[in-house]
Amino acid sequence: MSQFQISNFKFQISNALVIGIWFLGFTASVAAQPPNARIGEVVPRDVREMYDRGLQYLATTQSENGDWTGGGGEQGPGVTGLGLMVFLASGEDPNFGLYSNHVRKACRSIITQQNATTGILGGSMYHPGFGMLGLAEAYGAVDDRNLWPEGKGKDQRSIGAALELAVRAAITSQKKNPTGAWRYSPDATDADTSVSGAILVGLLASRNAGIEIPDESIDKAISYYTKMTAASGQVAYAGGIGGFDESLARISIATLVYAVARRKDLPQYKATLGYLVNKWEFTGPSGFGWMEYQRYYQAQALFQGDVETWEKWNKLLIRQFKAQQLPDGSFKGQFGPATSTTLSLLAVALNYRFLPIYER
């Protein structure tokens, strides 16, 4: 049996086990459920219709190179990684389904933008984080044998090889940083909780996919977050202790990384989760704004920490999104139509609970 067949077999076994079961940790190798099944109920029709329109928009605006460059918004391998996750999240077959070609194009785009020597994806360190996350979710689900068209050079890496290279790059960057976390540059000596969240979630997703991640790397990053978390549950952005404000985006990021790193025992986790639960009705921007970014993390943090609160918040968000989605399936936002649509769809993708990163 080939390595891919073994991975695919594990993927199928995981599918069978996870249906109807609540996992108390971030342990399975690959998720999860049939495309339109939730735990105990069918995915709401409003979500399916909204998501399908959004998928069609992203499919029609994806370039031949596999990325999203139009509309004057954000672009790069990190943006492509998030877009890739949208296609994977609803359970469409990534190899033979309606959007399988879009999935392959997105994977190729991320890999071709990776520095073959350093492993870095794109410029800003947000790109390695989200790009690594996208590759981790595709690893084991997308058949590498169909990834590259015939005639491509031997230097075109597999998803697994690109993911391992990206992981090594992230860990190398962390070792250079005295804070044990990450900033905009791979050679930075300071850090912030936003960039670090993107990198750390990418590493945790890679570990979940079977890539070896040293415990020391995760422990150092979590230690950084604990120092940046106040007893109130507020989370600072950068620098030393202090500078706490009501940024639900940063509070959500911290809650999520504590949860998926299996550190729900920390008082800082309980503080950040408590803060979010107390503010569950607030789905608008806070702190420095970035509403789509905030909702993307807020959805995951609430789901990981308090499912009952997430369900109430999710229903409120769905009502808002129904009113906000444009006729072409896109969403307006601060990041341009493609990225804002991507982040918005991922905020409701937990209704499918298909991606490994969405397991509890």
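Quick notes
- Flag if ALA181 is part of a loop (DSSP other than H, G, I, E, B) and crowded, with 24+ Cβ neighbours inside 10 Å: yes
- Filter pass, ALA37 being modelled with pLDDT under 95, of a type in the set (A, V, I, L, M), surrounded by fewer than 23 Cβ atoms within 10 Å (Cβ to Cβ) and on the phi < 0 side of the Ramachandran plot: yes
- Test: residue in segment 164-171 that is surrounded by fewer than 24 Cβ atoms within 10 Å (Cβ to Cβ) and of a type outside the set (A, V, I, L, M): yes
- Between SER29, SER63, the distinction of being modelled with pLDDT under 50, assigned to a loop (DSSP other than H, G, I, E, B) and among the polar types (S, T, N, Q) belongs to SER29 only.
Listed here are the residues, each with its yes/no results for (1) touching a residue at least 12 places away in the same chain (Cβ under 8 Å); (2) surrounded by fewer than 24 Cβ atoms within 10 Å (Cβ to Cβ); (3) in contact with an Asp or Glu (Cβ under 6 Å, 6 or more places away or on another chain); (4) on the phi > 0 side of the Ramachandran plot.
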residue	(1), (2), (3), (4)
ALA106	yes, no, no, no
SER109	yes, no, yes, no
ILE120	yes, yes, no, no
GLY131	yes, no, no, no
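- Given (1) modelled with pLDDT of 95 or more; (2) more than 19 Å from SER100 (Cα to Cα); (3) surrounded by fewer than 23 Cβ atoms within 10 Å (Cβ to Cβ), number of the condition GLY160 does not satisfy: (2)
- Tally, over segment 270-280, of residues that are out of contact with any Gly (no Cβ under 8 Å at 6 or more places or on another chain) and either among the hydrophobic types (A, V, I, L, M, F, W, C) or under 13 Å from ARG250 (Cα atoms) (or both): 1
- Every pair of residues 6+ apart whose Cβ atoms lie under 7 Å, when the first sits in segment 225-240 and is more than 17 Å from LYS279 (Cα to Cα) and at pLDDT below 95 while the second is surrounded by 14 or more Cβ atoms within 10 Å (Cβ to Cβ) and among the acidic types (Asp, Glu): TYR237/ASP192; ALA238/ASP190; ALA238/ASP192
- One residue alone among ILE251, ILE199, ILE218, ILE211 is more than 18 Å from TYR297 (Cα to Cα), crowded, with 18+ Cβ neighbours inside 10 Å, at pLDDT 95 or above and touching a helix residue (DSSP H, G or I) at 6+ places or on another chain (Cβ under 6 Å), and that residue is ILE211.
- Among (1) at pLDDT below 95; (2) closer than 24 Å to LYS322 by Cα; (3) under 19 Å from the mean Cα position of the chain (by Cα), the one test that LEU55 misses: (1)
- In the set (1) more than 20 Å from ALA236 (Cβ to Cβ); (2) touching a Lys or Arg at 6+ places or on another chain (Cβ under 7 Å), the condition left unmet by TYR258 is number (1).
- Residue count for segment 300-330 under the criterion of being under 16 Å from GLY54 (Cβ atoms), touching a residue at least 12 places away in the same chain (Cβ under 8 Å) and outside any helix (DSSP H, G or I): the result is 4.
The values are calculated or read from the model by the stated rules, or taken from the named source; none is laboratory data. These numbers come from a predicted model, not from an experiment. Neighbour counts run over all protein chains shown; Cβ positions are idealised from the backbone, glycine included.
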